[in-house]
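So the structure is just underneath, and the comments pick up after that.
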Amino acid sequence: MARIKMVAGNWKMNKTLQEGVALAAQLKEDVKNPKCAVVIGTPFIHLATVAEMLKGSPIKVAAENCADKEKGAFTGEVSAEMVKSTGAEYCILGHSERRAYYHEDYEILKNKVELALANGLKVIFCIGEVKEEREAGKQNEVVKAQLEGSVFHLSAEAWKNIVLAYEPVWAIGTGLTATPAQAQDMHAYLRGLVAKQYGAQAAEDTTILYGGSCNEKNAAELFACPDIDGGLIGGAALVAEKFEAIIAAR
Ligand code: PGA
């Protein structure tokens, strides 16, 4: 089984419902036969409408987060079960913005991952080091700890529903993309960790995305690396032409 190539968008906290619907409509119109899996991560508010619109389209929908609790008195939270009920198929978890600004630690993320999987969602699990850690040469130990803290306890069967996204924090939204060599080195390292945990075949089958200022200009060069299976795209996913050019580069 060849591993799945993927281009996923992460809209973050951008677009009103109407703007998001317009972007999804444009993508639906333009992306009919992509050569890779295509996912768009939208704010919760958009999920139900966009998932309904994209029924029958090859484009799948992701939430950008879910609660670490199953249900009940957690005002303002959105559960994995609710996400699933919209028709979304994926949930992005562990994004560095969630870790940094909303204090999501390994344990919270472990709970979120388990709830997402238990509710039949696939998880795009983000990992990556900050600038100081890269400068200190600690990037490998950082991502290893992130995996061990939140996802490496999963069964081999559950692991099949995990997509990894390596996103060096210093590259997110900064225009400072990792070089293809830096990204490839890290992706090969990550695949090695997966091989140790789940075996060579599981590692071979695991989709590992690169994210961090990936755009329509640098995507092809990044995607040409043997261990980079696609991208998780922030800023460039907000403009149909740019996102479509990245899909075409995959
Ligand atoms: P960026 O964001 O493409 O705007 O750098 C990527 C991400 O945070 O997923």
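Derivation of every value follows stated rules applied to the coordinates shown; laboratory data play no part. On a predicted model such as this, the values are computed, not experimentally measured, just so you know. Using ideal geometry, Cβ is built from the backbone for each residue, glycine included, and neighbour counts are taken over all protein chains shown.
What does the C-alpha gyration tensor say about the overall shape of the chain? Classify as rounded when a/c is under 1.5, otherwise prolate if a/b is larger than b/c, or oblate. Rounded, because the longest to shortest axis ratio a/c is under 1.5. Shape verdict for the stretch 169-214, please, from the Cα gyration tensor: rounded (a/c under 1.5), prolate (a/b greater than b/c) or oblate. Prolate shape, in that a/c is at least 1.5 and a/b is the bigger ratio. Exceedance of the 28 Å cut-off in Cα-Cα distance is limited, within the set 112/242; 28/196; 60/112; 69/160, to 112/242; 28/196.
Taking amide H as placed 1.01 Å from N in the peptide plane, residue 91 has its amide H under 5 Å from the amide H of 63, 122, 123, 124, each at least 5 places away in sequence or on another chain. Sites listed here are trypsin sites (Lys or Arg not before Pro) in the stretch 143-234 whose DSSP assignment is loop and whose Cβ has at most 16 other Cβ atoms within 10 Å: 160, 217. If you take the Cα centroid of the stretch 138-173 and the Cα centroid of the stretch 25-91, the two points sit 21 Å apart. Taking amide H atoms as placed 1.01 Å from N in the peptide plane, the amide H of residue 9 lies under 5 Å from those of 39, 40, 41, 233, each 5 or more residues away in sequence or on another chain.
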